[in-house]
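Right, one structure below, let's go through it.
The values are calculated or read from the model by the stated rules, or taken from the named source; none is laboratory data. All values derive from a computational prediction rather than experimental measurement. Here the Cβ positions follow ideal geometry from the backbone for every residue, glycine too, while neighbour counts run over all protein chains shown. For accessibility, only protein heavy atoms count, side chains too; no ligands or nucleic acids. Shrake-Rupley method; radii C 1.70, N 1.55, O 1.52, S 1.80 Å.
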Amino acid sequence: MSSAVSNRGRAQTRERTAMSRKPGRSPVLTTVMALYLIYSLAPLAWLVISATKSQSDLLTTPGLEFGHSFSLFSNIADTFTYRDGIFLRWLGNTVLYVVVGAGGATLLATAGGYGLAKYRFRGRRVVFAVVLGAIAIPPTALAVPTFLLFSAMGLTNTPWAVILPSLISPFGLYLIWIYASDAVPDELLEAARIDGAGEFRIFTTVTLRLLAPGIVTTALFAVVVTWNNYFLPLIMLNKPDWYPLTVGLTQWNAQAIGVSAQPIFNLVITGSLLMIIPLIVAFLFLQRFWQSGLAAGSVKQ
């Protein structure tokens, strides 16, 4: 009886000790995170509220105050119909650049990163150094040389002037390279080769499933970069019919605040809100694929 009481007392003591070791809340860190959250969400809140205002309400009411009328749906309709629906053309161009450019960049980064991670060949370290160097170079530094090259090839003012540079993603290649080194066991590849599978079949049926979280992460980075790409299409294109949303909305904004200002600032704000919605949907849809440990249990220890 006494031993049972003693054991229960020791268990309660260990439980209290474990509870006392649990980290408590830090008021300083909580305050910092709250301020950061407000700092991050305040521009989005301003954008949503401003998109509900008419052109006159934007000039008479403060930023985070709602206007006298709810004009969100009329603003959306005006945005889609202004200048014969040029906004829809810009949206289609942006989707084209993202699907072909970002999709191709993800595919090339996946194949290249997997090959660099799992195959040994001469010059592998040189390739590694080149990839790191390419990551360190800002894209704006390559914009003018790229423009001169594409101008000599006659590709400016065409979709290829935006798509072809978007196919190169050094950071995506490096990300897949590092991820594939641990996510794809060499023993699993050897087992597939012993079973008679070719390298292409191994890549499509085995490797892609194991690399799914890394591929999704690379795809999201590529989509965000291509969707928000501004400087490259700005210098490559001078035909509004091929503008992406970033350049097109900037042109509208210049018309709204220029010397001969036009009453379209509400369209600029509404178009900016519509522009970020697909990115939010993409993040919400693809986050369920961010799973780790897909290769757990695939190799018998």
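Charges were assigned to the Cβ only: +1 to each Lys and Arg, -1 to each Asp and Glu. The resulting dipole of the stretch 172-259 about its Cα centre is roughly 420 debye.
Among SER26, SER74, SER50, the largest mean-square fluctuation in a Gaussian network model of the chain, built with springs joining Cα atoms closer than 10 Å, belongs to SER26. With viscosity set to 1.002 mPa s at 20 °C, what whole-number translational diffusion coefficient in µm²/s follows for the stretch 155-236 from Stokes-Einstein and a Kirkwood radius over Cα pairs? The diffusion coefficient I find is 144 µm²/s. For the stretch 64-146, the alpha-carbon coordinates run over 68, 28, 24 Å along the three principal axes, in decreasing order. Here the accessible area is traced with a 1.4 Å probe on the protein chains. For the stretch 48-127, carbon and sulfur cover 67 percent of it.
Dipole magnitude for the chain: about 1320 debye, using +1 per Lys or Arg Cβ and -1 per Asp or Glu Cβ, origin at the Cα centre. Over the chain, accessible surface divided per residue gives 61 Å², non-protein components excluded, 1.4 Å probe. With N counted as the residues of the chain, its alpha-carbon radius of gyration over 2.2 N^0.38 Å works out to 1.38.
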